[in-house]
Structure formats: structure tokens, C-alpha cells
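Working notes for the structure below.
The values are calculated or read from the model by the stated rules, or taken from the named source; none is laboratory data. Owing to the predicted nature of the structure, the values given are computational and were not obtained by experimental measurement. Reconstructed Cβ throughout: ideal geometry from the backbone, glycine too, with neighbour counts over all protein chains shown. Note: accessible area is taken over every heavy atom of the protein model, side chains too, but ligands, DNA and RNA are not part of it. Shrake-Rupley method; radii C 1.70, N 1.55, O 1.52, S 1.80 Å.
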Amino acid sequence: MNPTKDDHAVVDLLDVLLRDGAIIQADVVITVADIPLVGLSLRAAIAGMSTMTDYGYFEEWDAVQRKLAEAPDDHPLLPGKD
């Protein structure tokens, strides 16, 4: 039996991440000579925008982006406009 390559694994993983989302959390302590110098607490939420807004993340950002997308080209909120 020869091993086979599953080309769909990455696509399936990406589909699950965008649909369901994932939260990654890590606590890191940087030490030198057994002396803790820096502590980091990292947290990342990975999901599609519809999933994020369903859970209450980025609601304000999403509303602003939708307004900007509907705005005319000479709208003062668009980047590069004064």
C-alpha cells in the first residue's frame, strides 16, 4: 500500500476555521540565566467575519466598513480624502 496525498486537508481546515473559528492563547516568559525578564500573554481569534460578528467581535468595525463601501467616491471618510 502506497501513501496518498490528501490535497483537500488544507481546504477542509480553512473551511472549519472560517465557519466555526478558533481561539489560540499562549503565555510566554522570556528568561536569561533563570531570571524572568519579559512576560507575554498572547490571544488570537481566527474566524470568518460572519462568525466574528455573530460572537460580538468587530461589530463596530464591520458597520464602518459597510458604510464606507456604500459611500460615494468623494466621501470624506475614505482614505486619502481631506
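Miscellaneous remarks
- Hits in segment 36-52 (condition: in a helix (DSSP H, G or I) and among the β-branched types (Val, Ile, Thr)): Thr51
- Verdict on Leu42 being within 20 Å of the chain's Cα centre (by Cα) and either surrounded by fewer than 10 Cβ atoms within 10 Å (Cβ to Cβ) or not aliphatic (A, V, I, L, M) (or both): yes
- Any chance Pro72 is at pLDDT below 85 and either charged (D, E, K, R) or open to solvent by 100 Å² or more (accessible area, probe 1.4 Å) (or both): no
- Contact map, segment 49-69: first residue farther than 18 Å from Leu17 by Cβ, second residue open to solvent by less than 70 Å² (accessible area, probe 1.4 Å) and not β-branched (Val, Ile, Thr), Cβ cut-off under 9 Å, separation 6 or more or different chains; pairs are Glu59/Met52; Asp62/Met52; Lys67/His75; Leu68/His75; Leu68/Leu78.
- Candidates in segment 13-29 are the residues that are within 30 Å of Gln65 (Cα to Cα) and either open to solvent by 90 Å² or more (accessible area, probe 1.4 Å) or β-branched (Val, Ile, Thr) (or both); of these, the one that is modelled with the highest pLDDT is Gln25.
- With respect to the conditions (1) within 17 Å of the chain's Cα centre (by Cα); (2) modelled with pLDDT of 85 or more; (3) open to solvent by less than 100 Å² (accessible area, probe 1.4 Å), Val32 lacks only one, and its number is (1).
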